[in-house]
């Protein structure tokens, strides 16, 4: 099927934005806008064939420009947190914006989530390629960084996301998609009764400011053990220091560093039968349980998203990697190409 392009109004910076709709033969429909590379909606059937939009978001491009929870966006140049916004690269110190308490988060004040990307429709692949040039010094990152993110929807009900980046100076790169999912439908409730499986033996504990301690901790005998299917809400309020720090789950699970496409997580909504599987070539997945949705954010259709009304599976490198020498490397150098792939597979049972 052909990709459908439509105007999507103006963002908060007065820039025109377009929406691209991908549909496959089974009826799965994904809408993406070139502001922030945002996944606006994913409509998928339940076990009875009833469609529901399973990602949280807004109705207008302008709302995505404000200080939002990064609904559906591409986060970068460096996703997740950098301690005090500071890193040293090849002997040079860099100070980034501090926009999350004492931390730098998701690329800074105007990261990739608030940029309009150049879009190319890929009809033959049922996809859209988004491209962006992040100039040297933007958000105080070094190097002109050329980035492309390609979304394709397959007949196997897979949404594939491929990231590529090149630079003319040594720099940092860590890209992810920040969609919030609720398999019951974005306008239902919290996700406590979703069953989650995370295929990881270890996770990255943090200090109270969400910066890693440097330890890699086994999930065994902790509330972080999702190696077998467990309700998200079953242990989320346990008296555990890590859960208390984050008001729930907001932690990176360690997947290894092979670079091969690997099954990272599986989520089932028992009531609708909808299933989401996340595959990635990245060494980690940040499981976030929507703990900072405060129950006062107006979403699509005027629905007020409740506390923990959506969950994220952010496939990425580990947080604060530039300051953690034992963590997987996020440095990109001239002549190298950063590549990463994530696949979200949808089904019902």
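Here are the numbers for the structure shown:
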| read-out | value |
| --- | --- |
| Which listed residue is surrounded by 18 or more Cβ atoms within 10 Å (Cβ to Cβ) and either under 30 Å from residue 92 (Cβ atoms) or free of Cβ contacts under 8 Å to residues at least 60 places away in the same chain (or both), from 344, 305, 253 | 253 |
| Region 256-286 - residue that is part of a loop (DSSP other than H, G, I, E, B) and within 16 Å of the chain's Cα centre (by Cα) and, of those, surrounded by the fewest Cβ atoms within 10 Å (Cβ to Cβ) | 281 |
| Residue within region 113-126 that is in contact (Cβ under 8 Å) with a residue 12 or more places away in the chain, under 29 Å from residue 209 (Cα atoms) and in a helix (DSSP H, G or I) present | yes |
| Matching strands (runs of 3 or more DSSP E) fully within region 12-95 where at least 2 residues are free of Cβ contacts under 8 Å to residues at least 40 places away in the same chain | 16-23, 29-33, 39-45 |
| Count - residues of region 16-33 that are surrounded by fewer than 17 Cβ atoms within 10 Å (Cβ to Cβ) and either modelled with pLDDT under 95 or under 17 Å from residue 158 (Cβ atoms) (or both) | 3 |
| Residue in region 296-312 that is closer than 21 Å to residue 245 by Cβ and not in a loop (DSSP other than H, G, I, E, B) present | yes |
| Residue 224 being closer than 30 Å to residue 67 by Cα, more than 16 Å from the chain's Cα centre (by Cα) and surrounded by 15 or more Cβ atoms within 10 Å (Cβ to Cβ) | yes |
| Identity of the residue in region 101-112, assigned to a strand (DSSP E or B) and within 17 Å of the chain's Cα centre (by Cα), that ends up nearest to residue 36 (Cα to Cα) | 105 |
| Flag if residue 194 is under 17 Å from the mean Cα position of the chain (by Cα), touching a residue at least 60 places away in the same chain (Cβ under 8 Å) and buried (at least 18 other Cβ atoms within 10 Å of the Cβ) | no |
| Checking residue 189 against (1) modelled with pLDDT of 95 or more; (2) surrounded by fewer than 22 Cβ atoms within 10 Å (Cβ to Cβ), the condition it does not meet | (1) |
| Strands (runs of 3 or more DSSP E) fully within region 139-198 counting 1 or more residues that are under 17 Å from residue 112 (Cβ atoms) and touching a strand residue (DSSP E or B) at 6+ places or on another chain (Cβ under 8 Å) | 145-153, 158-167 |
| Residue in region 156-173 that is over 20 Å from residue 291 (Cβ atoms) and without any contact (Cβ under 8 Å) to a residue 40 or more places away in the chain present | no |
| Flag for residue 153 being surrounded by 24 or more Cβ atoms within 10 Å (Cβ to Cβ) and either without any contact (Cβ under 8 Å) to a residue 60 or more places away in the chain or closer than 29 Å to residue 266 by Cβ (or both) | yes |
| Criterion violated by residue 76 - all others in (1) surrounded by fewer than 24 Cβ atoms within 10 Å (Cβ to Cβ); (2) out of contact with any strand residue (DSSP E or B) (no Cβ under 6 Å at 6 or more places or on another chain) satisfied | (1) |
| Hits in region 313-336 (condition: buried (at least 22 other Cβ atoms within 10 Å of the Cβ) and part of a strand (DSSP E or B)) | 313, 314, 315, 316 |
| Selection count where residues are surrounded by 24 or more Cβ atoms within 10 Å (Cβ to Cβ) and under 21 Å from residue 127 (Cβ atoms), scope region 166-177 | 3 |
| Within region 236-255, tally of residues that are part of a loop (DSSP other than H, G, I, E, B) and out of contact with any helix residue (DSSP H, G or I) (no Cβ under 8 Å at 6 or more places or on another chain) | 6 |
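The values are calculated or read from the model by the stated rules, or taken from the named source; none is laboratory data. Bear in mind that the values here come from a model prediction, so they are computed numbers and not experimental data. Cβ: placed from backbone, ideal geometry, glycine included. Neighbour counts: every protein chain shown.
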